[in-house]
Amino acid sequence: YSMEDWKVSNGSLLNASDRIKAGSELMRAEALRVCEDACEKTRKGSRDVTKRLDDRAKDIDHWKKELEKELNDLVNETKNLEKIENCVSNALAYTDMPLEMILKCIEERKNRKEIEMVDDDVDEELRKELENIQSVRSALGNHLFDVQGQLQRNKHIQNLLSDNIMDKHRANVIDKKCRDMKNTSANLKFPPGIESANTTISDPQAWVEQAVNLIQASQAERTKSRSLDQDINRLVGQLSGSLVKHWISTNEVLSFRIEDHLRAKHKLETHLRELSNELIDAQKTTEYLKKNIRDKNAPIQLAQTRLHVRANRLNMEACLDPAHEKLVKELTDLDENVDELMKKLREAEYVEGHLARSIKSLQHDLNLKNHSLFIDRDKCLSLRKTFNMNPR
């Protein structure tokens, strides 16, 4: 090689070295810039993720509190509805005793006899009272069914709210833990393929809509519960008033009927005493007539004997004298008197028999009324007075 080649070669090497150095310096500068950019992006990305995690935690806290507030309101409303359920159940159980008494009164009054088996105001009131209390029990039963159904719906929503609150609590714990993580935190890992794994099942809009829908559903059930509460309070007030009204009305009509029985019984007893006294007097009259008829036997025998003895007169002595005429007239008068007395005796015996039959009829009717009075006063009214109709 020539010196020129050597110089050219050294010059080329130096130039190449300068170019490589310059490239290296440019590369180092670019690498530093890239590193600084990457670090800044990493720090910015980390700050942004941390902020997003913090925002997410705040969102979760917000909706968790909203859900907890709604759950608390629903729990309180459900507790109140459970009290209403207990109230309706007690009201329904309260009607058992009066219903049993009404049915017993109806059955007892079927034991009245003959003419006393009258379809009176008491029967009418008992039928109305029975129809009313059956209507009351039906209404209470229907509302109890409604309350129990509403309680089931409330508890179903409560479970959904509780589950969602629990899910948000877990998510909040996780997001706060992630928010507080740093590059220097312990237990950092490289889970394989985690960046490409799809571990989500909802988006933010669906997530918010779920909470809103739950709250709205809970509010709707609370509104229904309050409406049901108001309806039942109004209904129970109306039904209790209706029960008391019919109970008092039946008792009043039953008391009036008992007074009717007592008045009729008093009249029958008065007439019975009068007829009994009249029967005694009639019996005395009959005996007196019989005695008078018996007393006529001796005068008749005397007059007949005299005529018989005088029939033994002979010839012209058998004279139709005033004595004979008087004896015949006496016998005729005596026979007429006996016939008149016998006629009066038959009349007296007829009246006596009629009085006896009337007394028997009155006694029978009095027994019927005493039996009806026993049923209405000593069984029905006495039974009803043992129960204090005061539903609350």
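Considering the stretch 369-378, and only residues there that are in contact with a Lys or Arg (Cβ under 8 Å, 6 or more places away or on another chain) and more than 19 Å from E269 (Cα to Cα), the residue that is surrounded by the fewest Cβ atoms within 10 Å (Cβ to Cβ) turns out to be I375. For the stretch 293-324, filtered to residues that are charged (D, E, K, R) and not in a helix (DSSP H, G or I), the residue that is nearest to the chain's Cα centre (by Cα) is K296. Of all residues in the stretch 202-212, one or more are more than 45 Å from the chain's Cα centre (by Cα), part of a loop (DSSP other than H, G, I, E, B) and either exposed (fewer than 15 other Cβ atoms within 10 Å of the Cβ) or modelled with pLDDT under 85 (or both). Just to verify a result, which residue in the stretch 207-254, among those that are out of contact with any Leu (no Cβ under 7 Å at 6 or more places or on another chain) and among the small types (G, A, S), is nearest to N80 (Cα to Cα)? Here the residue is S227. Of all residues in the stretch 236-262, those satisfying the criterion of being farther than 22 Å from K385 by Cα and surrounded by fewer than 18 Cβ atoms within 10 Å (Cβ to Cβ) are G237, Q238.
Every condition in (1) surrounded by 14 or more Cβ atoms within 10 Å (Cβ to Cβ); (2) modelled with pLDDT under 90; (3) more than 19 Å from the chain's Cα centre (by Cα); (4) over 30 Å from M181 (Cβ atoms) is met by L53 except one, and the failing one is (4). Only one of K189, K155, K113, K176 is in contact with a helix residue (DSSP H, G or I) (Cβ under 8 Å, 6 or more places away or on another chain), surrounded by fewer than 18 Cβ atoms within 10 Å (Cβ to Cβ) and more than 27 Å from V212 (Cβ to Cβ); which? Checking each option against the conditions leaves just K113. When E68 is tested against (1) surrounded by 13 or more Cβ atoms within 10 Å (Cβ to Cβ); (2) within 27 Å of A206 (Cβ to Cβ); (3) without any contact (Cβ under 8 Å) to a residue 24 or more places away in the chain, only condition (3) is not met.
Table: residues versus (1) in contact with a strand residue (DSSP E or B) (Cβ under 9 Å, 6 or more places away or on another chain); (2) charged (D, E, K, R); (3) over 30 Å from R222 (Cα atoms); (4) not in a helix (DSSP H, G or I).
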{"site": "E82", "(1), (2), (3), (4)": "no, yes, no, no"}
{"site": "N90", "(1), (2), (3), (4)": "no, no, no, no"}
{"site": "A93", "(1), (2), (3), (4)": "no, no, no, no"}
{"site": "I106", "(1), (2), (3), (4)": "no, no, yes, no"}
{"site": "E125", "(1), (2), (3), (4)": "no, yes, yes, no"}
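Listed by first and then second residue, the pairs with beta-carbon distance under 7 Å, at least 6 apart or on different chains, first residue in the stretch 341-365 and without any contact (Cβ under 8 Å) to a residue 60 or more places away in the chain, second of a type in the set (S, T, Y), are L345/T286.
Residues that are modelled with pLDDT under 90 and among the β-branched types (V, I, T) within the stretch 367-392 comprise just one, T386. All of (1) among the aliphatic types (A, V, I, L, M); (2) in a helix (DSSP H, G or I); (3) modelled with pLDDT under 90 hold for V118 with one exception: (2). The residue list K290, K344, K326 contains one member that is surrounded by 12 or more Cβ atoms within 10 Å (Cβ to Cβ), among the charged types (D, E, K, R) and either touching a helix residue (DSSP H, G or I) at 6+ places or on another chain (Cβ under 6 Å) or under 30 Å from H364 (Cα atoms) (or both), which is K344.
The residues on offer are F374, F387, and the sole one that is touching a Pro at 6+ places or on another chain (Cβ under 9 Å) and closer than 30 Å to S255 by Cβ is F387.
Does L74 satisfy the criteria of being surrounded by 15 or more Cβ atoms within 10 Å (Cβ to Cβ) and farther than 14 Å from H169 by Cα? Considered against the rule, which asks whether it is surrounded by 15 or more Cβ atoms within 10 Å (Cβ to Cβ) and farther than 14 Å from H169 by Cα, L74 comes out as yes.
When R112 is tested against (1) in a helix (DSSP H, G or I); (2) within 30 Å of N367 (Cβ to Cβ), just one condition goes unmet, and that condition is (1). Count, please, the residues in the stretch 251-308 that happen to be without any contact (Cβ under 8 Å) to a residue 40 or more places away in the chain, under 17 Å from K369 (Cβ atoms) and hydroxyl-bearing (S, T, Y). So the count comes out to 1.
Test E349 against the criterion of being more than 30 Å from M101 (Cα to Cα), acidic (D, E) and buried (at least 17 other Cβ atoms within 10 Å of the Cβ), and give yes or no. In short, no.
If the requirement is being among the acidic types (D, E) and modelled with pLDDT of 85 or more, which of these qualifies: D175, D163, D180? Unique residue meeting the criteria: D163.
The values are calculated or read from the model by the stated rules, or taken from the named source; none is laboratory data. Model, not experiment: these values are computed from the prediction. Don't worry about glycine lacking a Cβ; one is built from the backbone with ideal geometry, like all the others, and counts go over all protein chains shown.
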